[in-house]
Amino acid sequence: MTFDKNFTTYDNNAVVQKKVAATLAEYIKTDSSLFKDLNKVIELGCGTGIFTKEFLSKFTPNYFILNDFFDVKEYLKNLNYNEFIQGDIEITPFPKADIIISSSAFQWVNSFEKLIDNISASTNNLAFSIYTKGNLKEIYEHFNISLNYLENEDIYQILRKKFKNIALKKETITIEFNTPLEALRHLKNTGVTGFQKTNISKIRSFNSCYLTYEVSYFICSI
Ligand SMILES: C[S@@+](CC[C@H](N)C(=O)[O-])C[C@H]1O[C@@H](n2cnc3c(N)ncnc32)[C@H](O)[C@@H]1O
């Protein structure tokens, strides 16, 4: 994870993450069971605030806590929030909240189960987007490099241990680039790493102008 080195280029390149953030905010808005009581909200892995902005365009929580692994406060200056808690979402104890939200961050954790154990100690409601098995298949097929993306079924089974009601929707987003190198540059600028460490001929032989994102949206309550 090299987000701290890439935060300055992230916003201009994060087209998919922006689309995902907008879809998640809309999905939460349409779920009337969660919509009623969102006074205290915690967002995990807020980064430069792409999803934070989307969320704030639809909701006005009384108390809004933002979190990230890195100290990203300088990117959040124009956003209306109350508190920033820096720390690893798998182990940081969070205060009680009406809902925990997160977009495009949970695929980075080492143990999704540990994450859900930690989150469910603080809230009865959870809404998030996550990239799943098959994400960036072009990168995996050529470089044999991938995060440990989970299947929707694995995610569902882990969530089921803590939440009774679980709604899920899936989306495949394909983006096209002018050249394969442009596709790789796009990934580097959004903090997706690994392939840069391979040799130059492997990079040159990458021949896909497409990147495919597999994303799922979950809304859970007790
Ligand atoms: C792809 S960015 C998404 C940022 C933002 N939520 C958005 O929608 O654009 C993932 C963010 O999750 C954060 N992150 C990844 N693993 C984390 C962890 N274990 N604890 C806290 N933050 C984490 C990264 O630092 C990064 O800011």
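The values are calculated or read from the model by the stated rules, or taken from the named source; none is laboratory data. Just so you know, these numbers come straight off a predicted model, no measurement behind them. Backbone-built Cβ (ideal geometry, glycine too); neighbour counts: all protein chains shown.
A few comments on the model shown:
- Residue in segment 190-199 that is in contact (Cβ under 8 Å) with a residue 24 or more places away in the chain and in a strand (DSSP E or B) present: no
- Restricting segment 161-177 to residues that are assigned to a strand (DSSP E or B) and among the basic types (Lys, Arg) leaves a set whose member that is nearest to residue 202 (Cα to Cα) is 170.
- Residue check, residue 120 of a type in the set (Gly, Ala, Ser), surrounded by 15 or more Cβ atoms within 10 Å (Cβ to Cβ) and more than 25 Å from residue 175 (Cα to Cα): yes
- Just one of the listed residues (127, 105, 97) is touching a Lys or Arg at 6+ places or on another chain (Cβ under 6 Å), within 21 Å of residue 56 (Cα to Cα) and not charged (D, E, K, R), namely 97.
- Flag if residue 121 is within 14 Å of the chain's Cα centre (by Cα) and of a type outside the set (Phe, Trp, Tyr): no
- Single match in 82, 39 (criterion: more than 10 Å from the ligand (Cβ to nearest atom), at pLDDT below 95, touching a strand residue (DSSP E or B) at 6+ places or on another chain (Cβ under 8 Å) and not hydrophobic (A, V, I, L, M, F, W, C)): 39
- Check on residue 155, of a type in the set (Val, Ile, Thr), at pLDDT 95 or above and touching an Asp or Glu at 6+ places or on another chain (Cβ under 8 Å): no
- Any hit, segment 47-68, residues being within 13 Å of the ligand (Cβ to nearest atom), under 23 Å from residue 96 (Cβ atoms) and assigned to a loop (DSSP other than H, G, I, E, B): no
- Screening residue 107 against (1) surrounded by 14 or more Cβ atoms within 10 Å (Cβ to Cβ); (2) under 24 Å from residue 166 (Cβ atoms); (3) more than 13 Å from the ligand (Cβ to nearest atom) leaves a single unmet condition, (3).
- Of all residues in segment 145-169, those satisfying the criterion of being within 16 Å of the chain's Cα centre (by Cα) and hydrophobic (A, V, I, L, M, F, W, C) are 147, 150, 155, 168.
- Identity of the residue in segment 85-103, within 9 Å of the ligand (Cβ to nearest atom), within 20 Å of residue 218 (Cα to Cα) and of a type outside the set (A, V, I, L, M, F, W, C), that ends up surrounded by the fewest Cβ atoms within 10 Å (Cβ to Cβ): 90
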